[in-house]
4 protein chains.
Amino acid sequence: MNFKSDNTASAAAEILRALSDVNDGAVAAYGDDPWSQKLDEAFSAVFEREVRVFTVASGTAANAISIATLTPPWGSVLCHREAHIECDECGAPEFFSGGAKLVLMEGEGAKVTPATLAEAAARNARGIHSVQPSMLSISQTTERGSIYTPAEVFALGETARGAGLRFHMDGARFANAVAALGCKPADVSWRGGVDLLSFGATKNGALAAESVVVFDLELAEEVARRRKRGGHLFCKGRYPAAQFLAYLKDGLWLKLAARANGLAAKLADAAGVAGESNQVFIKPGAEGLAKLRAAGAQFYDWGADGSGEARLVVSWNQPEAEVEAMCALLKSLR
Amino acid sequence: MNFKSDNTASAAAEILRALSDVNDGAVAAYGDDPWSQKLDEAFSAVFEREVRVFTVASGTAANAISIATLTPPWGSVLCHREAHIECDECGAPEFFSGGAKLVLMEGEGAKVTPATLAEAAARNARGIHSVQPSMLSISQTTERGSIYTPAEVFALGETARGAGLRFHMDGARFANAVAALGCKPADVSWRGGVDLLSFGATKNGALAAESVVVFDLELAEEVARRRKRGGHLFCKGRYPAAQFLAYLKDGLWLKLAARANGLAAKLADAAGVAGESNQVFIKPGAEGLAKLRAAGAQFYDWGADGSGEARLVVSWNQPEAEVEAMCALLKSLR
Amino acid sequence: MNFKSDNTASAAAEILRALSDVNDGAVAAYGDDPWSQKLDEAFSAVFEREVRVFTVASGTAANAISIATLTPPWGSVLCHREAHIECDECGAPEFFSGGAKLVLMEGEGAKVTPATLAEAAARNARGIHSVQPSMLSISQTTERGSIYTPAEVFALGETARGAGLRFHMDGARFANAVAALGCKPADVSWRGGVDLLSFGATKNGALAAESVVVFDLELAEEVARRRKRGGHLFCKGRYPAAQFLAYLKDGLWLKLAARANGLAAKLADAAGVAGESNQVFIKPGAEGLAKLRAAGAQFYDWGADGSGEARLVVSWNQPEAEVEAMCALLKSLR
Amino acid sequence: MNFKSDNTASAAAEILRALSDVNDGAVAAYGDDPWSQKLDEAFSAVFEREVRVFTVASGTAANAISIATLTPPWGSVLCHREAHIECDECGAPEFFSGGAKLVLMEGEGAKVTPATLAEAAARNARGIHSVQPSMLSISQTTERGSIYTPAEVFALGETARGAGLRFHMDGARFANAVAALGCKPADVSWRGGVDLLSFGATKNGALAAESVVVFDLELAEEVARRRKRGGHLFCKGRYPAAQFLAYLKDGLWLKLAARANGLAAKLADAAGVAGESNQVFIKPGAEGLAKLRAAGAQFYDWGADGSGEARLVVSWNQPEAEVEAMCALLKSLR
């Protein structure tokens, strides 16, 4: 019963098979192969408009390259205090951006509101002496499993635009959000004002497939340059491309995410908590957590030390039996 | 007849199969899976001493992380004018190192000699006003297909040590050199004084498997940090690990390289030029190159514009028939 | 009645005269002139031990160079939320350090306590995924006019050392602290564990004289390199050197600071608030502040918008009549 | 007889006096004082058009900030092999620019020609794999004492513009060039296409006064930000401003430069070499240099080790007697 993270999961058969399917013959390197050449089209279809997509090795890379593209070194990145870019990337955004500053906002469920954003953007009384608020970065879904609705994304986008901020979305679990909302991918990205999206597939069934999706096409050249300089231009481009093509084909990405969301909803029900995506946050106290672990469950504690809180993440291929067993355990704690 | 580069080749069956073999069940992420945990041991066996290895997404990343670890920002990196780090990485070494300077040396076959190195290291008359020579970086094999013998590596290592320089080796085609020399991997790496080695597998049969091999174990922590900050710590570590384990198993890496070297030797023979590894440099003039292309050969021009020179690279799985056909063409030009 | 900042003040006659005194003949550039050569000795005498001192153009430069020397790019700098390095340097610490992160601590009077420091240093549960707490930076005096006693500096130094942190002090107003404490400069610097001190003279009577004082002599070479690369090595070194020599001579620096402190104490008395150095923080409400301004007083609002709070800074040469007039105004508000 | 460099000289009486003249009363800090506020106007008058000027602490800072403003991190800076930015700034351009690459050109007298520039700008066959030629940087006067005529600057500017390059001029000795040419400052700067000019006064009579003059006004905001982040925004702005105002007043800067040029011409005559500015390059051989030194002359060897070459620099206030004595020595060597 491993609920530690969706990055503990293996890869989907369709995606693994795609690697074999492209593994034939000599093809041009560095993204000039036939599969890489189809990526823009495939993503453009998913997003219902022309986009450019750049594959990279990790979500950290996708985020850091996006941020460096959207803020000057003397800018600040407004983000939630629990954002992955703040807590889990060992300073990659600062490194890639040449030393921009992350300015932290509060908010329930690791979400930020337009009011909080407006307040943070306005807080810059010292002119040349302060870094300049330059961009907003949010996570969809958030690090607390919450989801921004299309209207919420749009409202943030409007506030950002009004404050002169660019807009980045960390979509390491974008699939889970779209599957949960039942909306169009466009509705929670560019239609809401997002300029660059870190679109991840690794957590949801790929081996290693992360990307930057560029909605503001004028940024494409800079993303390409920063990717190359970061060592993220794969020489054998066919393999990341094949993973993404299989991931998007026939809505596989949404099917996998929907399955994980559905099983997570069972866990949330059993625990008596709210749960929107494939992450569930429970708070059974230290004793409760110990009982779960004694029964074989694996997961991370969450929140402040000793808060008695934990995070359960359901993977795309989590065995149903594990979820059932975990549900029983969770109910027994109530 | 695609002789453009060995990165146009597909992946070896053994390595592709290794991905399926590890694609089962939930395992710890970020290098704590069972296969990643075997990497240090596998590399230590190959190198006959304790090493630490860090997988990354590209050779550029391996080089840039190594360089950033071995030079302070105010240092200079002594390398050949044709080095990949100078010509083909869009400034990645400068980016990762915080702005160190590449100082260029000349030398036949893209090789540098101890004398050239000593002279370059001594050329620093301006004290605080100049960058400080901090490290040597050589490519094995070189960008001109040449190979450093164990004695040559050792002599460079001694000169470097005497001048207070650290020593990096770009081993994107390390396998081809070792296969050609018939020596131990240790003989052209740490026994010669190399501190960090970019050890690549992608060009020689992997899908995407590059790494930094750490011989000076005190550098391991810094390499780990720089890898994470560069977005090069794969979350599903099992897949790059599996590629490397299959690559090293039963000497697969040397078999593949030896095959490419052998076929390249035939091309060199046919063209009447010297050829040590899987790269062959021919100079049939503009007309000759046109004839080759008209007959269906694909390759890159090399050297200065209009030099009538070209590079032919043989891949690990280059069809023998292609090589035979190319040999016939090359002979016809003589 | 300009109480905006001590950087609005002109320069002391002794220091201006020192510029003329050295303005004769050709001397070696870049710090090899006779006056620059005396700097280390003069500072060593003041600090009762061997130190190295490096003049720079601004306090921001002194801080940023110090920070870059004490933290790796993947480190974090623990500092108070109101620290100058966080609020007023437009990201210079991030720029010079290659993207280190400032992690903010709370504390009355912009001071941090050993307990707060210990807690912040321990908060790093995510291993390779987080930046690593690498150093402490405090301001003496603080941005709220508070002063660390020798015992407080020592306690912070011990906590820092225990947590593996280096220790930087921003001494833009170091003179005011030493004058107020009546202690030895050593007692609130290296004896308390400080590794690098930004020692400023500009606010206290110089034209432009800031410096990094190096207590851990092994850091001197790196400070020298970072200064040069930052464009802070003056070619005509005699002029900053002369300012510092005059500043330290016969305790001028402490006399000027003591005068400012003394006048500030009168303001504090008149306002009925505590005041330790040459900064006084008053809270007469919006109406009170308006009255002061209507009467001709100049100062900055402080704290959150609408807090009705203000900062008064007394300069080394603030006319006594201005202080008397201001005292009368402040009393009238009570 | 100190001919080592013009930065060994003291400051002009007019400029030193200007410091006293502004040393009265409290004024706004950070460039909002009355003298700083006059700088743009004074420089605009000199350059016959609207400019913005930003004072900094050193020529290295002026160059590095300019370069960082004109090239992205993935760009290259085309400059002469002997340029100060390449040889004497310890990598400051790389530091400020986030790792841009200096690409070196050859040319007599440390000058570059349009043909050389065009060739260097075109040399970029590797697309995404190479840094992108982004800007030209030349020195006026050059590190070999040569001077670009207005026509030469214009031709370079046209070639640069045609190749999509921005244009920076290192004017550490701009005054000597303008005085020698007898032209308008505009003729060898913005009329020739220069975007940013490092305009130095330190070598020509100031204590420490360097600046970036912005001709493309859209760059001003970025220069301001980079200056602040580099620690080059002086808090007491009146002192650098006063130096520049005195320097420009009644053509003092050109008078001082003309004097130095005139005396240098005598040295050149005596040595039988060409000399355009205040730097003279002689080649009397090792024995000749030894004789000069034995007679009390101080200077730097120049060129390759053992070339028997030396540089003589005449300062704005070089005693005429020293020049006469040196002339006699130089003649005795012929």
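Read the figures in this text as sums done on the coordinates, not as results from a lab. Predicted, not measured: the structure shown is a model, and the values here were computed from it. Glycine gets a Cβ as well: all are built from the backbone with ideal geometry, and neighbour counts include every protein chain shown.
Some values worked out for this structure:
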quantity	calculated
Pairwise label distance in nanometres, B:GLU324 with C:ALA13, each label 7 Å out on the Cα-Cβ vector	10.2 nm
Which of A:LEU181, B:LEU217, A:LEU117 has the fewest Cβ neighbours within 10 Å, and the rest in rising order	B:LEU217, A:LEU181, A:LEU117
Overall dimensions of chain A as given by Cα atoms, namely Rg and Dmax in Å	19.9, 60
Hits among lysines - C-alpha to C-alpha of B:LYS331 under 20 Å, sequence gap 8 or more where chains match	B:LYS4, B:LYS266, B:LYS283, B:LYS291
Derived scalar couplings ³J(HN,Hα) [region A:233-240; Karplus, 6.51 cos²θ - 1.76 cosθ + 1.60; whole Hz; x for Gly, Pro]	8, 5, 6, 9, x, 4, 6, x
For B:ALA122, label point 7 Å along C-beta direction: distances to other copies, nm	3.9, 5.8, 6.8
For region C:124-170 versus region B:1-70, the gap between their alpha-carbon centres in whole angstrom	40 Å
Around A:MET105: net Lys/Arg minus Asp/Glu count, Cβ-Cβ under 11 Å	-1
Cα convex hull of region C:57-210, projected area averaged across orientations, nm²	8.2 nm²
Total charge dipole magnitude, the protein assembly as shown, about the Cα centre, Cβ charges on Lys, Arg, Asp, Glu only, Debye to nearest 20	0 debye
Phi-based couplings in Hz for region C:129-144 (Karplus 6.51, -1.76, 1.60; Gly and Pro marked x)	7, 9, 5, 9, x, 10, 7, 10, 10, 10, 10, 10, 6, 7, 5, 10
Amide H contacts of C:TRP302 (H built 1.01 Å from N, under 5 Å, at least 5 apart or other chain)	C:GLU309, C:ALA310, C:ARG311
P(r) weight above 20 Å for region D:253-333, C-alpha pairs, percent	25 percent
A:TRP253, A:TRP35 arranged by Cβ crowding within 10 Å, fewest neighbours leading	A:TRP35, A:TRP253
Relative contact order, percent, chain D [alpha-carbon distance under 8 Å, six or more residues apart]	24 percent
Ascending list, in nanometres, of distances separating the D:GLN298 label from those of the other copies (7 Å, Cα toward Cβ)	4.3, 6.7, 7.2
For C:SER139, distant residues with modelled amide H under 5 Å away	C:ASP170
Shielding by other protein chains, B:19-31, mean Cβ within 10 Å	6
Within region A:1-49: Cβ-based charge dipole about Cα centre, in debye rounded to nearest 20 (Lys, Arg +1; Asp, Glu -1)	240 debye
Reachable aspartates and glutamates, given that their alpha-carbon falls under 13 Å from the alpha-carbon of B:LYS228 and they are not under 8 places away in the same chain	A:ASP88, A:GLU89, A:GLU94
Inter-probe distance in nm under a simple model that places probes 7 Å from Cα toward Cβ, at A:GLU222 and B:ASP250	5.2 nm
Nearest residue to the symmetry axis between D and B, taken on chain D by its Cβ, in whole Å	D:GLY99, 2
Evaluated over the protein assembly as shown, the Cα radius of gyration and Dmax, each in Å	32.6, 105
Ranked list, fewest to most other Cβ atoms within 10 Å of each Cβ, for B:ARG227, A:ARG49, A:ARG191	A:ARG49, A:ARG191, B:ARG227
For A:ARG52, distant residues with modelled amide H under 5 Å away	A:VAL214
Label spacing, shortest first and in nm, from D:GLU320 to its equivalents in the remaining copies (7 angstrom along Cα→Cβ)	5.3, 9.1, 10.5
Net charge dipole size for chain C [Lys, Arg +1 and Asp, Glu -1 on Cβ; Debye, nearest 20]	220 debye
The protein assembly as shown, helix-only ellipticity at 222 nm - DSSP H runs n ≥ 4, -39,500 (n - 2.57), divided by all residues, nearest 500	-12500 deg cm²/dmol
Rough spin-label spacing in nm, given labels placed 7 Å along Cα→Cβ, for D:ARG126 and A:SER307	4.8 nm
Partner chain coverage, peptide B:317-325 - average Cβ within 10 angstrom	1
Table column - 3J(HN,Hα) (Hz), region D:270-281, Karplus curve with 6.51, -1.76, 1.60, x for Gly and Pro	4, 8, x, 10, 7, x, 9, 10, 9, 10, 10, 10
Most positive-pole-ward Cα, A:GLY109, A:HIS80, A:PHE154, against dipole of region A:80-182 from beta carbon charges	A:PHE154
Gaussian network model of chain A, Cα within-10 Å springs - most flexible of A:VAL214, A:VAL223, A:VAL27	A:VAL27
Inter-chain Cβ neighbour average for residues A:10-16, partner chain, 10 Å	4
Evaluated at q = 0.09, 0.15, 0.18 Å⁻¹: base-10 log I(q)/I(0), Debye formula over Cα of region B:175-334	-0.40, -0.91, -1.09
